[in-house]
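Below is one structure, written out as C-alpha cells, with a few remarks after it.
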Amino acid sequence: MRITEAEVIVCSPGRNFVTLKITTDDGVSGIGDATLNGRELAVAGYLTEHIVPLLIGRDAAAIEDTWQYLYHGAYWRRGPVTMSALSAVDMALWDIKGKALGVPVHQLLGGPSREAVLVYGHANGADIEETVAAVGRYLAMGYRAVRAQTGVPGLRGVYGVGRGELYYEPAEKGLPSEERWSTEKYLNVVPELFRVLRETYGHDVHLLHDGHHRMTPIQAAWLGQRLEDSRLFWLEDATPAEHQQSFRQLRSHTTTPLAVGEIFNSVHDCSTLIAEQLIDYIRTPPARAGGITGVRKIAGFAEVYGVRTGFHGATDLSPVAMAAALQVDLAIPNFGIQEYMRHTAETDAVFPHEYTFAEGFLHPGTAAGLGVEIDEEAAARYPYERAYLPVNRLEDGTVHPW
Ligand code: EZ4
Ligand code: CO
C-alpha cells in the first residue's frame with residue numbers, strides 16, 4: 001500500500017483549519033489535522049514544501065517508520081510547526097490503516113479500556129453571576145465536568161470569556177488585538193467564583209479552571225491554596241508551561257490538582273513534570289505531539305508515573321484532531337478527561353464525524369479509521385482568512401503571556 005498523493009487543504013468555516021489528506025494506490029485515503037492557531041500557513045508550507053515530496057511512494061502501513069523518518073530525518077526536531085505537520089501525517093496514516101483493516105483506530109491501540117470518554121465543557125460569563133448561570137446551562141445539557149472562566153472587574157477582553165456561545169473562539173480575523181491584564185485583579189475574583197459555584201451546585205460536578213500561563217509560581221500557589229476547599233478537578237497552566245522547575249515550588253504549596261501541556265510537543269517538554277509527579281494531568285494532544293504515535297510515547301511515560309491525560313480540545317483543534325484524540329482516550333489505561341469545545345455548525349458540516357455526545361461523555365464511534373471525513377467541496381467554499389490570537393499587555397503596557 002504505497003502513498004500516491006498527499007494534499008494540504010486550508011479552509012476557514014468560521015475559523016482556519018489545515019488538513020492533510022493522504023491517498024494510497026489501493027484507493028484508501030486518510031486525513032490528519034495540521035492546524036496551528038495563528039500560524040496556519042507555516043505548517044501548510046512545511047507540509048507542502050518539505051513533507052509531501054517525502055511521502056510519495058512510501059509504504060502507508062509503516063506508520064512508526066514514517067514517524068521516525070520525519071522526526072529524525074529533519075535533524076531540526078520538535079517545535080510546534082514541525083510537530084503539527086508530523087501530527088497530521090501520523091493521524092492520516094492511522095486513519096488509512098484503520099480503514100484498510102476495517103476497524104476503528106482504538107481497536108489497533110489495544111481496544112477500549114472504558115465505555116466512553118468523560119469530557120468537560122466551557123462555561124464563561126462577564127461576571128461571577130453570569131458564569132454561575134452558564135455552568136448551570138452546561139449541567140442541564142448533561143455535562144459532568146465544566147471549566148469556568150469569568151470576566152474580571154476593571155479588565156476588558158479576559159481570556160476564556162466569549163460571547164456566551166457554546167464555543168469560545170479567541171482568534172480574530174486581521175492583525176492581533178491587544179488585551180490588558182492584571183493578575184492581582186484576577187486573583188480578587190477567582191476564589192469567590194468557585195466558592196459560589198460549590199454553594200450553588202454542590203460537590204457532585206467536576207469544576208476546572210485555566211490560569212493560561214499568567215501567574216508567577218507564588219501567585220499560583222496562593223490561588224491553589226484558596227481553591228483547595230472548592231476541590232477543583234484541576235487548575236490548568238497555573239504558571240508559564242516552559243518552566244518545568246516552577247512546578248516544584250507550586251506543588252509543594254498546594255493540593256489543588258495541576259494540569260499543563262497544551263503547548264508542549266514531546267515527552268522532553270514534560271519529562272521532569274511527569275517523572276517527579278509535579279502534575280496530575282498531561283494535556284499534550286495528538287495534534288501537537290506528532291499524532292497518535294507521538295502522544296502514545298507521552299501517555300505511556302505518564303502511565304508509569306501515575307499521571308493521567310487531559311488532552312487539549314479547543315475549537316482550533318479540528319474535528320479531525322478531536323476524532324484522533326477520542327480514539328486514544330478510549331484506549332489508554334491512564335485517561336483522565338478530554339476537553340470538548342463544540343465546533344460551529346459550519347465546521348461540523350465540513351468535517352462530518354462519527355463521534356457523539358451523550359450524558360457528559362463522548363464516544364468516537366465504531367467506523368473504520370478515525371471516524372471523520374472532510375467534505376472538500378464544502379471546504380472550498382471557505383477560503384483562508386488571516387487571523388491571530390490576541391496579544392496581552394499589563395496595565396502599564398508591558399507585554400505579558402496571553
Ligand atoms: O487558548 O486553543 O484550554 N484551552 C485553551 C485554549 C487556547 C487556544 C489557543 O489556540 O487554553 O483556549
Ligand atoms: Co488551556
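The values are calculated or read from the model by the stated rules, or taken from the named source; none is laboratory data. In this text, all values refer to a predicted model and were calculated from it rather than measured experimentally. Glycine gets a Cβ as well: all are built from the backbone with ideal geometry, and neighbour counts include every protein chain shown. What goes into the accessible areas is simple: the full protein's heavy atoms, side chains included, and nothing from ligands, DNA or RNA. Shrake-Rupley method; radii C 1.70, N 1.55, O 1.52, S 1.80 Å.
Within segment 386-402, take every residue that is assigned to a loop (DSSP other than H, G, I, E, B) and at negative phi and give me the one that is farthest from ligand 1 (Cβ to nearest atom). Spell out the reasoning first.
Applying the first criterion (assigned to a loop (DSSP other than H, G, I, E, B)) to segment 386-402 yields 386, 389-390, 395-398, 401-402.
Remaining after also requiring at negative phi: 386, 389-390, 395-396, 398, 401-402.
Working: 386: 15, 389: 6, 390: 10, 395: 21, 396: 24, 398: 20, 401: 11, 402: 8 Å.
Taking the candidates together, the pick is 396.
Residue-wise test of (1) away from ligand 1 (no atom under 16 Å from the Cβ); (2) of a type in the set (Ser, Thr, Tyr).
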| residue | (1), (2) |
| --- | --- |
| 291 | yes, no |
| 318 | no, yes |
| 330 | yes, no |
| 343 | no, no |
| 350 | yes, no |
| 362 | yes, no |
| 384 | yes, yes |
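Residues that are in contact with a helix residue (DSSP H, G or I) (Cβ under 7 Å, 6 or more places away or on another chain), outside the structural domain of residue 61 (by TED's automatic domain parsing), surrounded by fewer than 19 Cβ atoms within 10 Å (Cβ to Cβ) and of a type in the set (Lys, Arg) do occur in segment 297-313, at least one of them.
Here is a list: 306, 313, 261, 294. Which entry is under 19 Å from residue 68 (Cβ atoms) and modelled with pLDDT of 95 or more? Residue meeting the stated conditions: 294.
I'd like to know if segment 107-120 contains one or more residues that are open to solvent by 20 Å² or more (accessible area, probe 1.4 Å), under 24 Å from residue 353 (Cα atoms) and part of a helix (DSSP H, G or I). Quick ask: steps written out before the conclusion?
Step one: of segment 107-120, the residues open to solvent by 20 Å² or more (accessible area, probe 1.4 Å) are 107-110, 112-116, 118.
Next, only the ones that are under 24 Å from residue 353 (Cα atoms) stay: 107-110, 112-116, 118.
Filter again for part of a helix (DSSP H, G or I), leaving 107-108.
Yes: segment 107-120 contains one or more residues that are open to solvent by 20 Å² or more (accessible area, probe 1.4 Å), under 24 Å from residue 353 (Cα atoms) and part of a helix (DSSP H, G or I).
Note on segment 1-68: enclosed strands (runs of 3 or more DSSP E) holding 1 or more residues that are under 30 Å from residue 343 (Cα atoms) and of a type in the set (Phe, Trp, Tyr) are 17-24. What about residue 324, is it of a type in the set (A, V, I, L, M, F, W, C) and touching a Leu at 6+ places or on another chain (Cβ under 6 Å)? The answer is yes for residue 324. Of note, residue 9 does not satisfy the criterion of being surrounded by fewer than 24 Cβ atoms within 10 Å (Cβ to Cβ), touching a residue at least 60 places away in the same chain (Cβ under 8 Å) and either among the acidic types (Asp, Glu) or over 25 Å from residue 174 (Cβ atoms) (or both). Of the residues making up segment 258-301, those that are under 11 Å from the mean Cα position of the chain (by Cα) and within 10 Å of residue 83 (Cβ to Cβ) number 5.
Test residue 260 against the criterion of being in contact (Cβ under 8 Å) with a residue 40 or more places away in the chain, within 16 Å of ligand 2 (Cβ to nearest atom), out of contact with any Gly (no Cβ under 8 Å at 6 or more places or on another chain) and not polar (S, T, N, Q), and give yes or no. Talk me through it step by step, then tell me what you get.
Values: in contact (Cβ under 8 Å) with a residue 40 or more places away in the chain: no; within 16 Å of ligand 2 (Cβ to nearest atom): yes; out of contact with any Gly (no Cβ under 8 Å at 6 or more places or on another chain): yes; not polar (S, T, N, Q): yes.
So residue 260 does not fit the description; no.
Total residues in segment 55-100 satisfying the condition of being more than 18 Å from residue 268 (Cβ to Cβ), without any contact (Cβ under 8 Å) to a residue 60 or more places away in the chain and open to solvent by 70 Å² or more (accessible area, probe 1.4 Å): the figure is 3.
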